[in-house]
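Note sheet for the following structure.
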2 protein chains.
Amino acid sequence: MGLVVQKYGGSSVADAEGIKRVAKRIVDAKKNGHQVVVVVSAMGDTTDELIDLAEQVSPMPAGREFDMLLTAGERISMALLAMAIKNLGHEAQSFTGSQAGVITDSVHNKARIIDVTPGRIRTALDEGNIAIVAGFQGVSADSKDITTLGRGGSDTTAVALAAALDAEVCEIYTDVDGVFTADPRVVKKAKKIDWINSEDMLELAASGSKVLLHRCVEYARRYNIPIHVRSSFSGLPGTWVSNENPQGDEPVEHAIISGVAHDVSEAKITVVGVPDKPGEAAAIFRAIADAEINIDMIVQNVSAASTGLTDISFTLPKAEGHKAIDALEKAKGTIGFESLRYDDQIGKISLVGAGMKTNPGVTASFFQALSDAGVNIELISTSEIRISVVTRQDDVNEAVRAVHTAFGLDSDSGDEAVVYGGTGR
Amino acid sequence: MGLVVQKYGGSSVADAEGIKRVAKRIVDAKKNGHQVVVVVSAMGDTTDELIDLAEQVSPMPAGREFDMLLTAGERISMALLAMAIKNLGHEAQSFTGSQAGVITDSVHNKARIIDVTPGRIRTALDEGNIAIVAGFQGVSADSKDITTLGRGGSDTTAVALAAALDAEVCEIYTDVDGVFTADPRVVKKAKKIDWINSEDMLELAASGSKVLLHRCVEYARRYNIPIHVRSSFSGLPGTWVSNENPQGDEPVEHAIISGVAHDVSEAKITVVGVPDKPGEAAAIFRAIADAEINIDMIVQNVSAASTGLTDISFTLPKAEGHKAIDALEKAKGTIGFESLRYDDQIGKISLVGAGMKTNPGVTASFFQALSDAGVNIELISTSEIRISVVTRQDDVNEAVRAVHTAFGLDSDSGDEAVVYGGTGR
C-alpha cells in the first residue's frame, strides 16, 4: 500500500460534524495501510467572511496583506482536523503551505507553484503521522511572504504534493459523486463517468465543468498523477481522471463522447467594422492582453467584399467585460474600428470526446440536435476533441439536454443524479 | 524621535471600526516622526470562538494543533490592521511571530521567549514601513513548530520586541486609562497612577491587578524598557511603569503607597495535623510542585505542644484546586497528615508601596482599617514592599475601600474612574 493524497473542500469541513466525519474517512485510509497526506480548504464560509472584513477596513486591500488574512482560514480547518484525528487515536500533524514546502512565485492572490520541497511532510509520515496540509497557500521564493494560489488553489496544492511525494493517487473529495456526462442540475439523466482521460477532462473544465479546474488537471496530466474525484458524503467510488485507462481498454477508432459541458459565465464582445488587413486582429488582442484579460473563443466573420471591413467576436468572463471595453475604447484610434457591441446574455455548450475530428458525423449530429430543439447558433469553435457553440443564455439548458440525449448519454436507470449543493475552493 | 512599540489588545480591535480607529492612532505616531512597531492581539471574541470549535472536535486538543489553531486569530487582526493603515496612505507590513523572529521553547500553550531576532522587522522599518506583529505567538527553536505564549502573551511579545529593537518605550493600549490605586470597579474614588516603579508594579500584578501581567513587567524591568499603559479609546496619558521615575524625583524615606490590589481567584488548602518535624513541609510542597501547580501564600501555624502536630495553609488558583487535592491525597501515606481542608470562598487584599518594611506604622494602620470595617483576617503574608491578608470573599470589596481611604488614596475630585469594560489577551 502506497501513499495517498486526499483533498477535502470547504463544504466537507463546514462545521465540527463535517470535520469529525472527514477525520473518520482519513483514519479509514490509514487503517487500510496507506500513508496519508490530507490537503484541506477553509471551513465553509470562512473565506467569504474574511473577505467581507477586509472590505470593511479597506476598499482595495493590498495583495500581501490579503493573502496573510485569507490563509488564516486553512490554518483553522487544518488544526481542527488534526485534533479530530488525534481524538480517534491516530497521530496527526498539521502544516501550513510554507511548512509543507509549497514554494511559489511572488504574485499575490494568484501565485503559481514553482517548487515543492516536502521534507517536513516526509518526516512526519515516516514517524507514523497523518500529515494535514493547508490548501490554497504557499510561500514566495523571493520575498518569503505568504501567498495564495487563487481559484482552485487547494486542488492544485493536492496534485502538486501528490507529484512531489510520488503518490499512488490524488483523491479529490467534493460534494458530488464525481464527474458527470452533463451538469446533473440541468440534465436529470446525467451519468457519472467512471473514467475519463486527462485531455477530455481538460476540455470539460475549460468548457464550464466546475468539478475540477483546468489548472489542477493540467498539473496532474503533466506529472502523470491519477486523480480520483469522489464524494466525501456518500463514500462511493467516483470518477478516475488519468492519462491511461485503469481498466486497460484498447484505444478505439470511433468517437467516444465524454460529456456535455455548459457555461453561462461568459459575455461576448463584437468589434464591428474592422479594416480587413494584416495586423488588425493582432492589435485588438494585444490591447486585450495588455489589460491582462483572458479570452476564450475568437471568431472572425468573412469580410464583406464591398466595404473591406470585417467583424471580430470573442468571448470572455463577464467579470472582465468592463475592463475589455475600456481597453478597446482607449486603443480605438490606433486600431481602427467602427464600434463595439457587448452581450452578456450568451451561453456556451460544448461536446467533448476523443476521435471527434475524424468522425464528421459527430459535428453533424450535434448541430442537428440543436436545430431540432429550436436553438439558434451564434458562434462555433472546435478543437481536436471538442466542439463548442454560443447560443442565447435562455436556450442553454434545453440545448444541453437535447445534445445529451442525442449522443446516447442519458442514464438507462430511472435514478437521478444526486447533488449535495455548495462548492469548496 | 526614536522607535516606539505599541500593543493593542483584542477589545481595541474588536471590529472593523475598532481596527480603523487604532490605525489612525498608529499613523499619528508615525507622523510624529517615530518608527512604529505594533503588536496586536486577536479580534474580540475570536480566541474564545476558536477554543469552542476545538472543544467540539476534541475534548483534549493537542498542544501543537491548539497553538496552530489559536494563532489564526492574530493572523486575521494583523492583516486587517495593515490593510487599514495602507488605506490611510502609509506603508505597513504584517508579520507572524515566526516571521518577526520571536523564538521560544517547545512548551505548547505556554511557551517562553528565549530569543528575539527581528531582522525582517528592522528591514521593514528601514524601508519606511510600519511593522505589524502578531502577539501571543512564536516559533519553537527545536521543532520549528508554532507556539503560543499563554496568558498575557501579547504584552510580553511587545516588551520583548521593544527590548530587541532598543525602543524608547513600549506603549500598552488597553480599555482602561492606566493603572489605578485600586480596581475602579470596586473603589469609585480610585486614582490613576501617573508613574509607578517596576517593583511596585510587579507586586500589584502578583496581588491581583489585571492591567499588566507579572511576566511582562518582569521582562521590561530586566531589560529596562519603560512601559506606558494607556487607553486606546480616550487617548489620554496613562501610567508609566519604569525602573526610574521619569520626573526624576529623589527617593524619600517615608513609605510611598502605590495602591491596593485584590484577588478573588484563589482558594485555600489547609493540611491539618502535620507532624512537626523537619522535612514535612518540604514533602508537601514537593508533591505540589511535581503536579506543576503554582502556589501563592504559605502559612504555618505554631505547633500545639501537646500534640506535636501543626497545620500548614497555602493559597493557589481555584482552577488548580482539584489537582492539588489529588496530588496530596496520593502522597498522604509518605507525608503523614490527618486531613485536608479546601476553601474557595476566600479573597486576598494587598497593600503595595516602597519603604513599607521600615515604616511599622503602615502595617498597624492596615490592620486597624480592616478591623474598623469589621473584616476578619485569616492569613497574613508580607514582603519588602507588600502586605497581604486573606479574608472571607464576601468582605473583600468593603476591605479594599476601607484600606484605600485609610491610606489617603481616595481621589479629591468628584470624578469617578472610567471603566470601558472587557479585557484583551
5 Å is the cut-off here: which amide hydrogens, built 1.01 Å from N in the peptide plane, fall below it relative to B:S258, excluding neighbours closer than 5 in sequence?
B:V352, B:G353, B:A354
With a ≥ b ≥ c taken as the square roots of the eigenvalues of the C-alpha gyration tensor of the range B:3-175, please select rounded if a/c is under 1.5 and otherwise prolate if a/b is larger than b/c or oblate if it is not?
oblate
In degrees rounded to 10, the 0-90 angle between helix A:46-57 Cα long axis and the longest Cα principal axis of chain A is 70 degrees
Could you tell me which of A:T405, A:G347, A:A131 has its Cα farthest along the dipole of chain A towards the positive end, charges placed at Cβ (Lys, Arg +1; Asp, Glu -1), taken about the Cα centre?
A:A131
Links exceeding 26 Å between C-alpha atoms in this model, out of A:K268/A:K332; A:K210/A:K348; B:K191/B:K318; A:K189/A:K210; B:K210/B:K323, come to B:K191/B:K318
Residue by residue, what Karplus-based ³J(HN,Hα) values in Hz, rounded to whole numbers, does the range B:230-241 have, using 6.51, -1.76 and 1.60 with θ = phi - 60° and x for Gly and Pro?
8, 8, 7, 9, 8, x, 6, x, x, 10, 8, 10
Among the listed pairs A:K7/A:K86; A:K24/B:K110; A:K7/A:K30; A:K86/A:K192, those beyond 23 Å (Cα-Cα)
A:K24/B:K110; A:K86/A:K192
Other chains near A:45-53: what is the mean number of their Cβ atoms within 10 Å of each residue's Cβ?
2
So, by mean Cβ neighbours within 10 angstrom, what's the order for B:344-351, A:402-409 with the highest one leading?
B:344-351, A:402-409
Gaussian network model of chain A, Cα springs within a sub-10 Å range: biggest mean-square fluctuation belongs to which of A:F337, A:F136, A:F66?
A:F337
Show which aspartates and glutamates lie in cross-link reach of B:K144 when reach means a straight Cα distance below 13 angstrom and same-chain residues fewer than eight apart are skipped.
B:D67, B:D105
Taking +1 at the Cβ of each Lys and Arg and -1 at the Cβ of each Asp and Glu, which of B:I312, A:H214, A:H34 sits farthest along the dipole of the protein assembly as shown towards its positive end, judged by Cα position relative to the Cα centre?
A:H34
Over chain A, what relative contact order in percent results from Cα pairs under 8 Å that are six or more residues apart?
16 percent
Write down the percent of antiparallel bridges among all DSSP beta bridges whose residues are both part of chain B, to the nearest 5.
60 percent
Exam field: A:R341 pseudo-label spacings to other copies (7 Å along Cα-Cβ), nanometres
9.7
Provide the percentage of antiparallel DSSP beta bridges, counting only those with both residues in the range A:3-175; round to the nearest 5.
20 percent
To check my understanding: the extent here is largest minus smallest coordinate of the Cα atoms along each principal axis. What are those three numbers for the range A:262-334, in Å, largest first?
36, 28, 15
Compute the FRET efficiency between B:R222 and B:F285 as 1/(1 + (r/R0)^6), taking r as their Cβ-Cβ distance and R0 = 30 Å, and round to the nearest 0.05.
0.70
Would you look at the GNM of chain B, springs on alpha carbons closer than 10 Å, and say which of B:I225, B:I269, B:I172 moves the most?
B:I269
Show me the ranking of peptides B:7-19, A:279-291, A:154-166 by mean Cβ neighbours inside 10 Å, starting with the highest.
A:154-166, B:7-19, A:279-291
Yeah, chain B with a ≥ b ≥ c from its alpha-carbon gyration tensor (a/c under 1.5 is rounded, else prolate when a/b outruns b/c, oblate otherwise) is oblate
Which whole number gives the average, over all residues in B:138-147, of C-beta atoms from other chains lying within 10 Å of the residue C-beta?
1
Residues whose modelled amide H sits under 5 Å from the amide H of A:S231, counting only those 5 or more places away in sequence or on another chain, are A:T174, A:L236
Taking chain B as the reference, fit the longest principal axis to its C-alpha atoms, fit the long axis of helix B:214-223 to the helix C-alpha atoms, and give the angle between the two in degrees, 0 to 90, nearest 10.
60 degrees
If you consider only alpha-carbon coordinates, what radius of gyration and Dmax does the protein assembly as shown have, in Å?
34.5, 129
Of all DSSP beta bridges in the protein assembly as shown, what percent run antiparallel (nearest 5)?
60 percent
On the protein heavy atoms, probe 1.4 angstrom, tell me the percent of accessible surface of the range A:3-175 carried by carbon and sulfur.
46 percent
Give me the extension gain from B:R185 to B:A364: residue separation times 0.36 nm, minus the current Cα-Cα distance, reported in nm with one decimal.
61.8 nm
To the nearest 500 deg cm²/dmol, what mean residue ellipticity at 222 nm is calculated for the protein assembly as shown from DSSP H runs of n ≥ 4 alone, each contributing -39,500 (n - 2.57), summed and divided by the residues?
-10000 deg cm²/dmol
Would you mind computing the Rg to Rh ratio of the range B:182-285 from its alpha-carbon coordinates, Kirkwood style for Rh?
1.11
Using the Karplus curve 6.51 cos²θ - 1.76 cosθ + 1.60 with θ = phi - 60°, what ³J(HN,Hα) values do you get for each residue of the range A:367-375, in whole Hz, with x for Gly and Pro?
5, 5, 4, 5, 4, 4, 8, x, 9
How far is helix B:321-330 tilted, in degrees, relative to the longest principal axis of the Cα atoms in chain B, given as a value from 0 to 90 rounded to the nearest 10?
50 degrees
Provide the packing ranking of A:82-92, B:109-119, i.e. peptides ordered by the mean count of other C-beta atoms within 10 Å per residue, highest first.
A:82-92, B:109-119
Inter-chain Cβ neighbour average for residues B:232-242, partner chain, 10 Å:
0
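The values are calculated or read from the model by the stated rules, or taken from the named source; none is laboratory data. Keep in mind it's a predicted model, so treat the numbers as computed, not measured. Cβ coordinates were reconstructed from backbone atoms using ideal geometry, including for glycine residues, and neighbour counts include every protein chain displayed. Each accessible area value is taken on the protein alone, full model and side chains, heavy atoms only, with ligands, DNA and RNA left out. Shrake-Rupley method; radii C 1.70, N 1.55, O 1.52, S 1.80 Å.
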